[in-house]
1. Filter region 247-283 for residues that are polar (S, T, N, Q) and surrounded by fewer than 16 Cβ atoms within 10 Å (Cβ to Cβ) and give the result.
2. Is it the case that region 113-124 has a residue that's hydrophobic (A, V, I, L, M, F, W, C), under 25 Å from L44 (Cα atoms) and assigned to a helix (DSSP H, G or I)?
3. Taking the condition of being part of a helix (DSSP H, G or I) and touching a helix residue (DSSP H, G or I) at 6+ places or on another chain (Cβ under 6 Å), how many residues in region 399-411 meet it?
4. So is G244 in a helix (DSSP H, G or I), surrounded by 13 or more Cβ atoms within 10 Å (Cβ to Cβ), modelled with pLDDT under 90 and out of contact with any Cys (no Cβ under 6 Å at 6 or more places or on another chain) or not?
5. What helices (runs of 4 or more DSSP H) lie completely within region 174-229 and have 2 or more residues being buried (at least 20 other Cβ atoms within 10 Å of the Cβ) and at pLDDT 85 or above?
Amino acid sequence: MAQTEEGAMFVKRLHFTALGAAAGASAWGVWEISDRVDGERLVLGLAVLAACFFFAALSMLRELGIWRALVAAAGLGVLVSGLSLLKSLGFSSVREMFEAGHVAVALTVLGAMPVPFLIAALARETAGWRDYRVLFVESWTVLVRYAAATMFLGMIWVVIFLGDGMLRLVGVDLVETLFSEDLVVAVFNGAVLGLGLAVVSELSDLVSPYLLLRLLRLLTPVALGLVGVFLLMLPLRGLDQLFGSISAAGVLLAMAVVAVSLVTIAVDQDDVEAAHGPVVSWAARGLAVVVPVLAVIAGWAILERVGQYGWTPARVAAAAAAAITLGYGAFYLGAVVLMRGWRARIRRANIVMAVAMIGLAGLWLTPVISPERIAVNSQMARFAAGEVATRLPLWEFAHDWGAPGRAALETLRAQAAQSPDLAAQLARLDRAGSRYDLTPPTEAQVDQARALREELRVLPAGAEVPEALYEAVARWSDDIGAGCARRTPAGNPGCVLVLAPFSGAAPQALVLWVRAYPGLGRAGFVERAGLWEAGETAVFGGAPELEEDAGAQIDAVIASGAGLVPSGIMALDLGGAKATILP
């Protein structure tokens, strides 16, 4: 009997290790393909398929056995991979898709949350996919197993590097000899992670989530106290700093997620394991009651922001998170109000909301829910209603909001002939190097830039600074103004503007100023079609000297009359170093 158990344990460890090694090899293979193949969507599909498949398979291997785990993981991986490819069609590139962070969140939810449901549905001796005991335990067990296995992998590498350092003393290069190939490193990491998961799964009675969950229960009254103080102080401090702030909404939603997690931990897998102490039990009920309050306040803050500036993909994602949180809160509030059996009702609510989140994540990756389309329609409606052209998120249309954004941009170009302001903004967009080039300076910045006329030394002497250049300098007016207020060793203001043809035929200007910390601040500007925009500057040949005495560098420039020196392109001589504006 003992030999049979040992043999089964060996086979199980072999399955985990082989599956982990295959995961490492697949990660290496996807990386190699990405370097050699131009089809980025092919790489995306393979990467998502591999990540979902191996994560799910390793998570389910102990409970389902090798074949059922592989089949279930393959089905999940194909589904998530296919939806990721479908979503990518709405963007010009995979990078653009992932820069919209909400897509990565949806993929994570869809790839991870179904795993406990698959275990509950396919494992023997369970009550089906709605078996809350299995869902609760497996959700936390997967987390703890991966954390422990990752720690094991880290310790393995610590031992390897320590051993390598020791063996180098006798002329043996262990790491270079064994791990010179990336494939070997990837397979080794995967195999060790798989072995770690195998050992942890064998010791489920020792390495279990119960200790962590019991400790987290102690945070329940603390969280309730913090939320209580917030709600008591809110009417006294006013709502101005809260409503209309997306960051405030994010904090409230994060706190609501913490509250939901702590309530779930307190009710545990059943009434036997649930917290029965009066402090934690009543604190859990209190948190359950305040979850909808936090969700409503967060949602209100988001809608106020939308009313001010319209929808963006980030606000759509925040609104979806608020809706999910409000769903939890509504169920929790109802469960507590009905009193008897409130723990069981919360458990049922958790199943309903988990399924709702999985469904929402799936729809999020289809054309049914497109945050970019919602945002574009909102911004275009605001423009049609009279919003000024400078408020249009043109950079986002062109670079961030996928196919809906580019379609809206084409519509705006067709309307540009009837709107000079729109035509000017579109022309600025075509020349912009970043979104900040499209953001108009505030009136306060423009006034401050004009005030620099009194202090900002202009070279060559007698050169006239165009008004548009002062408006461009306004973006840097805080730093430059502070630099002008400082004095150089020769008593000059700590700032200078040099108008000169550094590179190309377009008029250019380089502004230098003394920074608050050691060094010489610099900003370049280039004129195109009457508009002055930020240009990229460079310093070469003795750049370290610029950190020694910025004031002396300003004095040297003024004394030389801003003499330019050839450097392939023209550059400003800073006493050994050269500063220029890149073409």
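1. Step one: of region 247-283, the residues polar (S, T, N, Q) are 247, 261, 264, 269, 281.
Of everything in region 247-283, those that are polar (S, T, N, Q) and surrounded by fewer than 16 Cβ atoms within 10 Å (Cβ to Cβ) turn out to be S247, S261.
2. Within region 113-124, one or more residues are hydrophobic (A, V, I, L, M, F, W, C), under 25 Å from L44 (Cα atoms) and assigned to a helix (DSSP H, G or I).
3. Let us first name the residues in region 399-411 that are part of a helix (DSSP H, G or I), namely 399, 402-411.
Narrowing the set further to residues that are touching a helix residue (DSSP H, G or I) at 6+ places or on another chain (Cβ under 6 Å) leaves 402, 404-405, 408-409.
Qualifying residue count for the region: 5.
4. Values: in a helix (DSSP H, G or I): no; surrounded by 13 or more Cβ atoms within 10 Å (Cβ to Cβ): yes; modelled with pLDDT under 90: yes; out of contact with any Cys (no Cβ under 6 Å at 6 or more places or on another chain): yes.
In short, no.
5. Numbers: elements: 174-178, 182-202, 210-217.
Result: 182-202, 210-217.
The values are calculated or read from the model by the stated rules, or taken from the named source; none is laboratory data. Note that the structure is predicted; figures quoted are calculated from it, not measured. Because the Cβ atoms are built from the backbone with ideal geometry, glycine has one as well, and the counts that use them run over all protein chains shown.
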